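Please read the structure below before turning to the comments.
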Amino acid sequence: DAAGEAVFHEEPNAGETSTLVAGAVRAPGITRAVRVTTIDDEVAARGWTNVDLIKIDAEGYDLHVMRGMVRLVQRQAVGIIQFEYNSSWKAACSLLSEAISLLQKHNYQVFFMSNEGLRRANYARFGEYFSFSNYVAIAADRLEGLKDILR
């Protein structure tokens, strides 16, 4: 959510749960300082006005990444945002409710990704469960083209 430097916790062989979240790696590894940036800054640096799809898999830092693209989200300049939710969110002090609120505030509809298609997110029923899941947020003007996979 901010450009600068962060500590990256890397599993052996750059394992799949390597992360910026201290204590969330599954296997002991090394730590190193890395340069970080925001999606807002990267998109602006490339001169792009919008992005069709952003896929976020930041091992617990997904909400932080969304906060770092808030200018794009405010303008609905991202058509579809897919993000992963898992146990690392707890260690990162992130909540699914905050992600859903941020996205809905800017006219995105949020769906849970299932084998049968995209189901409207039901936070009131499931709350914070910190288990592996994928969510998809769709800007209001993109919903019509995706109605065949929405449940």
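Quick check, is Gly29 over 30 Å from Ile149 (Cα atoms), touching a residue at least 12 places away in the same chain (Cβ under 8 Å) and in contact with a Gly (Cβ under 9 Å, 6 or more places away or on another chain)?
So Gly29 passes the test.
Within region 101-145, can you find the residues that are in contact (Cβ under 8 Å) with a residue 60 or more places away in the chain and either open to solvent by less than 70 Å² (accessible area, probe 1.4 Å) or on the phi > 0 side of the Ramachandran plot (or both)?
Ala139, Ala140
Would you check which residues across region 1-16 are within 14 Å of Tyr61 (Cβ to Cβ) and open to solvent by 70 Å² or more (accessible area, probe 1.4 Å) and list them?
Asp1, Val7
Do you know which residues across region 17-52 are in a helix (DSSP H, G or I) and either at positive phi or open to solvent by less than 70 Å² (accessible area, probe 1.4 Å) (or both)?
Ile39, Asp40, Asp41, Glu42, Val43, Ala44
I'm checking my understanding of the structure. Among residues of region 53-100 that are more than 9 Å from the chain's Cα centre (by Cα), among the aliphatic types (A, V, I, L, M) and assigned to a strand (DSSP E or B), which one is surrounded by the most Cβ atoms within 10 Å (Cβ to Cβ)?
Per the stated criteria, the residue is Val78.
Tally the residues that are more than 16 Å from Tyr85 (Cα to Cα) and not in a strand (DSSP E or B), restricting the search to region 126-150.
Number of matching residues: 10.
If you go through region 36-56 one residue at a time, do you hit one that is of a type in the set (Ser, Thr, Tyr), more than 25 Å from Ala140 (Cβ to Cβ) and in contact with an Asp or Glu (Cβ under 9 Å, 6 or more places away or on another chain)?
Within region 36-56, not a single residue is of a type in the set (Ser, Thr, Tyr), more than 25 Å from Ala140 (Cβ to Cβ) and in contact with an Asp or Glu (Cβ under 9 Å, 6 or more places away or on another chain).
The values are calculated or read from the model by the stated rules, or taken from the named source; none is laboratory data. What you are looking at is a predicted structure, and each value in this text was computed from that prediction instead of being measured. Backbone-built Cβ (ideal geometry, glycine too); neighbour counts: all protein chains shown. Calculation scope for accessible area: heavy atoms of the full protein, side chains included, ligands and nucleic acids excluded. Shrake-Rupley method; radii C 1.70, N 1.55, O 1.52, S 1.80 Å.
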